[in-house]
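Just so it is clear, none of the values below were taken in a lab; they were calculated from the coordinates. What you are looking at is a predicted structure, and each value in this text was computed from that prediction instead of being measured. Backbone-built Cβ (ideal geometry, glycine too); neighbour counts: all protein chains shown.
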Amino acid sequence: MALKVSANDVGNHSTKQGPAKRPDEKTPAPKPDKVLFQLPEQVRTNLDAKLPDESADPAAIIQACALRIDAALTVHKAIEHYGNETLFRYAGPAIRLAHRTKAWQDDVNPETNKPFRGFNPWCRHMGISKSQAYRMVNEEPVADALRPLNPGQLSTKQVDVLAPVLRQHDAARCRRVWEVATKMGATDHKTLLKARDSLDLAIAAEQEEDDRQSLSTPVPVVRFQAGRYDRDSVRTAVRSDPELARLLARDILDELKQLEGDEGAGD
């Protein structure tokens, strides 16, 4: 029996309701589920092939097992890829909205019972990894840059190739990479990489921003300024990081004791 992997197999049932049907309208015939990915014929054959029994030659057993396992892993990777792209497509807009509006600051971390101190911790709480969050945030500016070319829904790997071009160069060069890849016959991430390389665009290695940079809330800092003391700023800093405040207080007391000792020795 041939293996068919469709939307039903991964729980992709739509709950969207269409417009009300008029009495004189005929119900159209249901369309078949769109196949999410096509498996090579040999993979389907290996999945359906009967495994030898225990009395068979060990060489034949191990060969059949290897073929079945390899075919199963192929299906697993295909489903995993579809799952990742589904997450990117549907969770991405929500992640970007929370990031743009900084609404995540109004959510309370159940571990501390206080508002989240960073965007990435909030994403982790929601089940989105740091790398996934960056891809989702990066997708919007790349899509905006490519909008005149009607690129359609971008994949995670396409964003990975194009986002550094946009950040380190400009939107025009980002579009140029897409145009060159199109002339090469495809816009998958491998072709985009070839197009990017053919344009000799220097791409420096990038380090992901951490929670203290653009995807986070700045941590209050206590600054000593001659003749000025702002108690509210101190209170804010202490409440934002009590452990750091305790360490700072101990260091200040130690320095004061040392200063008092130095002054006493000088008398």
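Rank P148, L192, P164 by how far each Cα sits towards the positive end of the charge dipole of the stretch 131-198 (+1 on Lys, Arg Cβ; -1 on Asp, Glu Cβ) and give me just the farthest.
L192
Stretched out fully, how many nm does the piece from R100 to N150 gain, at 0.36 nm a residue minus the Cα gap?
15.6 nm
Let me know the Kirkwood hydrodynamic radius for the stretch 131-198, please, with Cα pairs as the basis and the value in Å to one decimal. Write down the numbers at each step before the final one.
Working: mean 1/r = 0.0864 Å⁻¹.
Result for the stretch 131-198 stands at 11.6 Å.
Order by neighbour count: T86, T191, fewest other Cβ atoms within 10 Å first, most last.
T86, T191
Net charge near I252, counting Lys/Arg +1 and Asp/Glu -1 over other residues with Cβ under 13 Å of its Cβ? Kindly include the intermediate steps, with their values, before the conclusion.
Working: positive: R246, R250, K257; negative: D251, D254, E255, E260.
Neighbour charge sum, excluding I252 itself: -1.
Students often get this wrong, so check it: of K102/K130; K77/K157; K157/K183; K102/K157; K77/K190, which have C-alpha atoms separated by over 23 Å?
Where the Cα-Cα span goes over 23 Å, the pairs concerned are K102/K157.
What's the ranking of 131-140, 162-171 by average number of surrounding C-beta atoms within 10 Å, highest first?
Highest mean packing first, the order is 131-140, 162-171.
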